[in-house]
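The structure appears right after this line, and notes come after that.
The values are calculated or read from the model by the stated rules, or taken from the named source; none is laboratory data. Keep in mind that this is a model prediction, so the values were computed, not measured. Glycine also receives a Cβ, built like all others from the backbone with ideal geometry; neighbour counts cover every protein chain displayed.
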Amino acid sequence: MEALQQLTRRQVDALRAVGARETPEQGVSLKATATALGVRAPSALTHLTPLEALGLIARHRGKSRLTARGRSTLTEYQRHHRVAESLFGSLGLAPDKTCAAAREIDLALSHRTVEELCRAQRHPVECPHGEPIAPCHTPGRTG
């Protein structure tokens, strides 16, 4: 099973919170992660602990940072989400609805399915919100 498919929605949200708030100089405090998730620190810790066990984050002195594996998993999540958003957009869903629809399925999609959806959509380069979509990992990518 792919690392991304092992994660819960809240774990992905925690991974995203760390990735969005860390800087090259400093990791993210548990309090900042909890605030970003809208929970108390103990609840945030229950989402971060499995991420650390999977090698997606490293914690040091109360600060969390993405590992290389965590960064690539987050990039892959963004790809899954944005390809799903593009699919829903191509089906006529308004841009403000594509994100919610994509969140319903993005974690369930395998890498292979995302690649097939990407090919079927002729390799979109951005989602309906203008965010970039990382290129395919398969031969034949032209966009």
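Just so you know, in region 55-89 the residues that are in a loop (DSSP other than H, G, I, E, B) and modelled with pLDDT under 95 include one that is nearest to Thr113 (Cα to Cα), and it is Gly62. The set of residues in region 91-114 that are without any contact (Cβ under 8 Å) to a residue 40 or more places away in the chain, in a helix (DSSP H, G or I) and surrounded by 13 or more Cβ atoms within 10 Å (Cβ to Cβ) comprises Pro95, Lys97, Thr98, Cys99, Ala101, Ala102, Ile105, Thr113, Val114. One residue alone among Arg10, Arg61 is charged (D, E, K, R) and either at positive phi or crowded, with 17+ Cβ neighbours inside 10 Å (or both), and that residue is Arg61.
Among residues of region 1-39 being part of a loop (DSSP other than H, G, I, E, B) and farther than 18 Å from Ala53 by Cβ, the one that is farthest from the chain's Cα centre (by Cα) is Glu25.
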